[in-house]
Amino acid sequence: LKKGLSCNVDLKGVLWNEIGGLDDVKAEIQQSIEWPLLHPESLRRMDLSATKGVLLYGPPGCCKTTLVRAAATSCHVTFLSLSGAQVYSPYVGESERIISEAFQKARALSPAILFFDEIDSLVGKRTSSGGQSRVQERILATMLNEMDGIGTRLDQKTDVSRPQSNMKEVTPSCAGKGEVQGQASHIDSTIQHQMHEKNRLSDIDMSRVIVIGATNRPDMLDHAILRPGRLDRHIYVPPPDIKGRKSILKIQVSKMATRDIDIDCIGALTECFSGADIKNLCREAALTAVRESSAGGKLDADTLVVTQHHFIKALKAVKPS
Ligand code: ATP
């Protein structure tokens, strides 16, 4: 059944070696996400409690989302992802239902990673002046209940058969093979079947779900979500240093036809660039090469190549975000 689900691929799997730099962060993520999901019995044996929730925070474009995808890919676990925009609904109770359903699906399909991108837009700080909207309060309460394990159980309240297409479902082990499955409703009925089946067998492993939030604004989060037992493992994802920038450049350059690229030089010229900025820079250099080659009206794929000069030109157009 999981195999069937995994074909609803709209995210590509990511390999650890596609991520440049961030060695310490990768190790910390492997420890706090992969160990509890893959080796829960070893942790139990050592009386170590498994992480239930992780918060990744840091500047935009510095790989938070990509790191989570890489963890999911390497663990071969179900990956469910939701962003603020997917959760908010004008209908009363709908946002809470979407959140609860996400937790239910994650439990039913465990081991699983449930990822909330831009989590600050969902569980922002409560203010004494009542700055938080009612729907935000309800979303926060739902998240806290679910994380504390007292959310609705699979066989109660929520009608899981209702079609909803806000969630991306991927088992990254199969991601990247390009298999795309159609209908959300088909997937929902598959999920429903699996949930009923799991309920029947009473083998839902509630512990093998890790909730991960990503944010650029950790200061905006409500403290309650950061307490022990919730998103209590906090991992800073920094902008790339010179070593990281060179590593990201090498990865990007290896995908293009290039000649005589001086990675050390470009690495030094990209201070304050995020990983996303470096990706943009490489794209701009490639476009510059294409533009130059096509100037005579012809474009010859065999002679098309990106050189240092294209990167220097691109650096004039692409600035650090
Ligand atoms: P945001 O906070 O804006 O959501 P983010 O921190 O989640 O950003 P990603 O979405 O993971 O960042 O990365 C943006 C793009 O930059 C992706 O295409 C990713 O592959 C690339 N990228 C960023 N950092 C790295 C890196 N260290 N190695 C390889 N690619 C990177």
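Computed from the coordinates by the stated procedures, all read-outs in this text should not be read as laboratory data. What you are looking at is a predicted structure, and each value in this text was computed from that prediction instead of being measured. So basically every Cβ, Gly included, is an ideal-geometry build from the backbone, and we count neighbours across all protein chains shown.
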Quiz prompt | Low-density loop positions, trypsin sites (Lys or Arg not before Pro), segment 218-308 - DSSP coil, at most 10 other Cβ in 10 Å | solution = LYS255, LYS298
Quiz item: So, in nm, how far is label GLU271 from label ARG283 when the simple model puts each one 7 Å beyond its Cα toward the Cβ?
Solution: 2.6 nm
Practice problem: List the residues whose amide H sits under 5 Å from the amide H of ILE212, counting only those 5 or more places along or on another chain, with H placed 1.01 Å from N in the peptide plane. | Solution: VAL54, LEU114, PHE115, PHE116
Quiz item: Based on the inverse mean of 1/r over its pairs of different Cα atoms, what is the Kirkwood hydrodynamic radius of segment 30-110, in Å?
Solution: 14.8 Å
Quiz item: Given 10 °C and 1.306 mPa s, how large is the Stokes-Einstein diffusion coefficient of segment 245-321 in µm²/s, with Rh as the Kirkwood radius over Cα pairs?
Solution: 127 µm²/s
Quiz item: With no solvent and one point on each alpha carbon, what is the Debye value of log10 I(q)/I(0) for segment 63-114 at q = 0.21, 0.28, 0.31 Å⁻¹?
Solution: -0.79, -1.03, -1.11
Self-check item: Computed lengthening from SER49 to GLU18, 0.36 nm per intervening residue step minus Cα-Cα distance
Solution: 8.1 nm
Quiz item: How do MET143, MET46, MET256 rank when sorted from fewest to most other Cβ atoms within 10 Å of their own Cβ?
Solution: MET46, MET256, MET143
Quiz prompt | Radius ratio Rg over Rh of segment 8-65, counting only Cα atoms, Kirkwood formula for Rh | solution = 1.03
Quiz item: What FRET efficiency do you get for ASP300 and TYR88 if R0 is 56 Å and r is their Cβ-Cβ distance, rounded to the nearest 0.05?
Solution: 0.70
Quiz item: Per-residue HN-Hα couplings for segment 244-259, Karplus 6.51 cos²θ - 1.76 cosθ + 1.60 at θ = phi - 60°, whole Hz, x for Gly and Pro?
Solution: x, 5, 5, 5, 5, 4, 4, 4, 5, 5, 5, 8, 10, 7, 10, 8
Quiz item: At HIS234 and MET220, where each label point lies 7 Å from the Cα along Cα→Cβ, what is the point-to-point distance in nanometres?
Solution: 1.7 nm
